[in-house]
Amino acid sequence: MGTERVERRLTAILAADVAGYSRLMGADEESTLAQLKAHRRALIDPKITEHRGRIVKTTGDGMLVEFASVVDALRCAVEVQRGMAERNAEVPENKRIEFRLGINVGDIIIDGDDIIGDGVNVAARLEALAEPSGICLSGRAQEDARGKLDITFEDAGEQSLKNISWPVRVYRVRPSRAAGSSRSSFPLPDKPSIAVLPFQNMSGDPAQEYFSDGITEDIITELVRFRSSYIGLTGPVGGRRPQSREA
């Protein structure tokens, strides 16, 4: 008996879902659903169209999208997350809709309008690893996209993904411009400047926090002796906000 030939193609797959969707729906079903639909109409669906993507299916808070190019998929993902950050700026944190996105490139099976296979499964597992408002992609997708966008990739190492029989190299996406705009900027005087990064307590013992904070304070105290320098602290020490001192 002959077997029916299976149609396959290589494609970029983006999987998306809403972080904490069950909690949001439990708190206010109607408002959550209305917000999700508004985000899709105003931002997500138009961005997918703009970057030549095809929505394969939606599943409540989830979505599976196919792109011919990894670069298109990643550019779409970054622009969606940036757009969502802007739309959430005035929304209370406990009511925000924040997407987690996973991107993979792989060989998939065509089943009518649907797509199935390991390529899709990996994208779904990567989405589950992403932080709220974050993007994770496979090593294979990262290789295709590397150097083509203004993006920093953070290597999260090889991960064992559920129901995937081989380890997958995972990268987290750090958009360079978005990261830069979120940091506080301090006006610098026209003199040599030194940035001091607080020491981190790596011991796991909270009682040792005072020790790492003390080292940082001692370094700053010594540096301010140089009257011709400007000293900037770029992170919090002991729960205090960043500060600056002129020497």
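The values are calculated or read from the model by the stated rules, or taken from the named source; none is laboratory data. Given the structure is predicted, the values throughout are model-derived calculations rather than measurements. Backbone-built Cβ (ideal geometry, glycine too); neighbour counts: all protein chains shown. Note: areas computed on protein heavy atoms with side chains; ligands, DNA, RNA excluded. Shrake-Rupley method; radii C 1.70, N 1.55, O 1.52, S 1.80 Å.
Go over the candidates Arg52, Arg40 one by one and state the one that is open to solvent by 20 Å² or more (accessible area, probe 1.4 Å), modelled with pLDDT of 95 or more and over 21 Å from the mean Cα position of the chain (by Cα).
The unique qualifying residue is Arg52.
Could you list, in sequence order, the residues of region 82-122 that are open to solvent by 10 Å² or more (accessible area, probe 1.4 Å), of a type in the set (Val, Ile, Thr) and farther than 14 Å from Ala15 by Cβ?
Val91, Ile109, Ile110
Hey, any hits in region 64-77 for a residue that's out of contact with any strand residue (DSSP E or B) (no Cβ under 6 Å at 6 or more places or on another chain), open to solvent by 20 Å² or more (accessible area, probe 1.4 Å) and without any contact (Cβ under 8 Å) to a residue 40 or more places away in the chain?
No: zero hits.
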